[in-house]
1. Each residue of region 281-290 in order: what ³J(HN,Hα) in whole Hz does its phi give by Karplus 6.51 cos²θ - 1.76 cosθ + 1.60, θ = phi - 60°, with x for Gly and Pro?
2. Given R₀ = 25 Å, what would the calculated FRET efficiency be for residue 78 paired with residue 251, taking r from the Cβ atoms and rounding to 0.05?
3. At q = 0.11, 0.17 Å⁻¹, what log₁₀ I(q)/I(0) does region 1-102 have when each alpha carbon counts as one equal point scatterer in the Debye sum?
4. For the chain, what is the largest minus smallest coordinate of the Cα atoms on each principal axis, given in angstrom and ordered from greatest to least?
5. Based only on Cα atoms, what Rg/Rh ratio does region 183-337 have, Rh being taken as Kirkwood's radius?
6. Gaussian network model of the chain, Cα springs within a sub-10 Å range: biggest mean-square fluctuation belongs to which of 155, 113, 306?
7. State the extension gain, in nm to one decimal, for the chain segment bounded by residue 34 and residue 259, taking 0.36 nm per residue of separation less the distance between their alpha-carbons.
8. Could you work out the percent of alpha carbon pairs in region 9-179 separated by over 25 Å, rounded to a whole number?
Amino acid sequence: MPVKSRTPYANSFAMALPDREISNDELSTFIDTSDEWISKRTGIKKRYWVSEGTTTSSLAVEAASKSIDQLSNGTQIDAIIAATLSPDYSFPGIGVQIQDALGLPPVPAYDVRNQCSGFLYAMEMGGALISTGVYENILIVGAEVHSTGMDKTTRGRDIAVLFGDGAGSCILSHGKRSGLSFELVGTELHSDGAYAKELWCEHPGSVLFPDRLTEELVREGKVFPEMNGRLVFENAVRHMTEVSLSLLAKHGYGSSDVSLFLPHQANLRINTMVAQKLGLNESQVFSTIQDYGNTTAATIPIGFTRAVEEGAFTSGDLVLSAAFGSGFTWGAALYRVV
Ligand code: ACO
């Protein structure tokens, strides 16, 4: 394969949400929690949960269709990279469902599963495939349905109040396509599997023998995500700050060069603390957590879509994005608005 070096650009951001809006007050009717606790500890005011018939892949397809509609006629998508921790099925992943539902030719469909860092992992992979000339236009999608996979009782309240469903997408190309484009200046990714069990969903999994799922596991709630919230919080603040500074320095920048910080949205307090450590002021941080909760791999493209709609970007801006999540995995990406 020829090794070229071409600059990747993210174009045509779009998003999709389910139709059911769930306020903190509504959550408090079936979980022992309150709007006050959730707002104060997380910044979340509401989130969207699916109704029957809406799935991770259907949300992904809705967002992706909107991204593709923004492209000029005749632009071919020649690969899909789909990030999710909540695929419709154990296998295959949602990439092939997206390919089929969009009626695309039999292009490759990658599935990325790096949780809250999933979109950044997808962008780094897509960026490398564009810059080396393997593909011209890659559909990148992050999509999640959390609401059907959480313990929505008081037992699971530390997790159930945090997550929402949704999808976001963009087209990564070797050129600017339409409207605002985001030149992918660079990415930096990390992982530390020693912390895998601090934020995970253990079952069902092939680790169990002879059967990976039993009635007992379901009864005991061992099929739901579990999290060491405080440890995750501390590591998120530390790693998102460090990786941001490292990526900026690699490209000859400091945090004073950043126009807008568009991070993953797990907890407003995490992002406020990271921004403070980076020396950014509140108005430089783009937040969507109040409206959607944590939509994991969908969060960053949803944020870009909203920021474009709200006119938050100006040509020439340097945009910093960072994420931290289960794995642990974390990373950052740097974009120049053109
Ligand atoms: N409503 C009311 N009370 C609650 C709730 C709730 N939903 N959840 C927990 N509590 C209680 C606890 O039981 C505890 O009570 P106690 O003091 O009587 O024991 C009290 O509130 C404090 O609990 P903490 O867990 O210490 O609260 P904290 O301030 O740490 O906030 C939170 C918890 C919001 C989960 C926070 O730790 C956090 O945001 N962690 C990081 C989450 C994250 O970044 N996840 C990564 C991405 S997810 C992914 O990758 C899939």
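The values are calculated or read from the model by the stated rules, or taken from the named source; none is laboratory data. Note that this is a predicted model, so its numbers are computed, not measured. Because the Cβ atoms are built from the backbone with ideal geometry, glycine has one as well, and the counts that use them run over all protein chains shown. Accessible surface areas use protein heavy atoms only, side chains included; no ligands, DNA or RNA. Shrake-Rupley method; radii C 1.70, N 1.55, O 1.52, S 1.80 Å.
1. 3J(HN,Hα) across region 281-290, in whole Hz: 8, 3, 5, 8, 9, 8, 10, 10, 4, 4.
2. Details: r = 28 Å, r/R0 = 1.12.
Rounded to the nearest 0.05, the efficiency is 0.35.
3. -0.53, -0.95
4. 54, 47, 37
5. On the way: Rg = 17.7 Å, Rh = 16.8 Å.
Expressed as Rg/Rh, it is 1.05.
6. Greatest mean-square fluctuation among the candidates belongs to 155.
7. On the way: separation 225, 0.36 × 225 = 81.00 nm, distance 3.51 nm.
Full-extension gain reported as 77.5 nm.
8. Numbers: 5225 of 14535 pairs.
Here the tail beyond 25 Å accounts for 36 percent of pairs.
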